[in-house]
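A short write-up of the structure that comes next.
What follows draws every value from the coordinates through simple rules; no lab data is involved. These figures come from a predicted structure and were not determined experimentally. Because the Cβ atoms are built from the backbone with ideal geometry, glycine has one as well, and the counts that use them run over all protein chains shown.
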Amino acid sequence: MNDSPSGRAQAGKVVLVTGASSGIGEAVARKLATEGHRVVMGARRTERLSALAEELRTTGAQVVYQALDVTRLDDMRRFVDFAEASFGPVDVIVNNAGVMPLSPLNALKVDEWDRMIDVNIRGVLHGIAAVLPGMEQRGHGQVINVSSIGGHAVSPTAAVYCATKFAVRAISDGLRQETDCIRVTVISPGVVESELADSISDASAREAMNSFRRIAIPPAAIAGAVAYAISQPDEVDVSEMIVRPTASPY
């Protein structure tokens, strides 16, 4: 399923947002669309994308959406092709899609480990692979990868999740060092209100996360950081930001 605009006034940057159906992704899409960027939203839950697109268009925003499974490289490439057909060359990709089914390692939830690796690491790599050739050819662009405070410190029940988010930071820094024309930004949120914890099947991990999330900040706080990074001049690369609740010790 996809959706395309009937008319396209050229304004703002062309920005791709993965995992845009809820949480941080939805907030980022909303923030950037209201700032005049041309936003292309991707996620598996297209009914939510449709509702969000309809809402934003009532304000004059330029937004389109398409179903996207970031674990499939061909899906990601089709997403980029759709974006370029709708609005033109991609200026920014926000690799936001992620999952967080926490559990202690001795619970041996191997399927959940594999899912985190597929979405949180391969999904980011697929996003990079889909936009990098075009950005390099044009000599400019920006890759924004959403890591986590868990990409800076490991905690019990989060070993695999943290490993995936450490990987996001490593991939991002490697890309930054390999290019002199593409800006690379890592956003590491602390505790944020989202649906990520809903995927935790382990009871002990779920209880710990519910306690941890009592001081969560809204997704709009992360969206503001993304918008700030995009708004900087082309010669300014905001390489990394940690955004977390003031009251958080972590």
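See the values below:
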{"quantity": "Cβ-placed point charges (K, R +1; D, E -1), dipole of the chain about Cα centre in debye, nearest 20", "calculated": "300 debye"}
{"quantity": "Among ALA43, ILE222, ALA153 - extreme Cα towards positive end, dipole of the stretch 2-242, charges at beta-carbon", "calculated": "ILE222"}
{"quantity": "Percent antiparallel among DSSP beta bridges (both partners in the stretch 2-242, rounded to 5)", "calculated": "5 percent"}
{"quantity": "Shape of the stretch 143-188, Cα gyration tensor, a/c cut at 1.5", "calculated": "prolate"}
{"quantity": "Sum of side-chain charges, ASP118 neighbourhood, beta-carbon under 15 Å (Lys, Arg +1; Asp, Glu -1)", "calculated": "0"}
{"quantity": "Within a Gaussian network of the chain (alpha carbon springs, distance under 10 Å), most fluctuating of TYR228, TYR161, TYR65", "calculated": "TYR228"}
{"quantity": "Extent along principal axes [Cα atoms of the chain; Å; largest to smallest]", "calculated": "52, 39, 36"}
